[in-house]
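Notes follow the structure.
The values are calculated or read from the model by the stated rules, or taken from the named source; none is laboratory data. None of the values given here were measured: they were computed from a predicted structure. Ideal geometry is used to build each Cβ from the backbone, glycine not excepted, and the neighbour counts take in all protein chains shown.
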Amino acid sequence: MIERITSKGDLDERSRYELVMIAAREARRLNDAARINGKELKRRVTKVAWERLLEGKIAFTYDDPAPEGEADIPDLAAEAEEAAAEAAAKQHAEEGV
């Protein structure tokens with residue numbers, strides 16, 4: 001879903017971290033666009049990005065969360081046990097040689 005900050009109330013509902021991240025992405029986008037087009041920036045891109053955010057000119061989205069159900073999280077404990085077993089087998093093989 002694409003969102004925009006359109007009022008002071010929208011600003012109050014968002015965390016400062018979220019607002020800074022949105023403005024930082026916009027600043028990066030503006031800086032990249034200026035560099036690609038060979039234009040010199042007259043003002044700081046961070047200030048321009050913040051103004052655009054406050055004016056509601058920045059559309060932003062969030063990635064959809066993981067689907068419902070079991071997430072694809074690796075079993076780190078099992079991987080560590082396997083690695084330890086492989087290391088022990090390798091060391092045993094080296095000692096036996």
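Applying a threshold of 9 Å to beta carbon distances and a minimum spacing of six or more residues, or different chains, the list of pairs starting in segment 38-49 at a residue that is in a helix (DSSP H, G or I) and of a type in the set (K, R) and ending at one that is surrounded by 10 or more Cβ atoms within 10 Å (Cβ to Cβ) and modelled with pLDDT of 90 or more reads K47/A27. I'd like to check something: does segment 47-59 contain any residue that is on the phi < 0 side of the Ramachandran plot, loosely packed, with under 12 Cβ neighbours inside 10 Å and modelled with pLDDT of 90 or more? Scanning segment 47-59 turns up at least one residue that is on the phi < 0 side of the Ramachandran plot, loosely packed, with under 12 Cβ neighbours inside 10 Å and modelled with pLDDT of 90 or more. For A84, the criteria (1) exposed (fewer than 10 other Cβ atoms within 10 Å of the Cβ); (2) of a type outside the set (K, R); (3) modelled with pLDDT of 75 or more hold in every case but one, which is (1). For Y62, the conditions (1) at pLDDT 60 or above; (2) more than 28 Å from the chain's Cα centre (by Cα) are fulfilled apart from (2).
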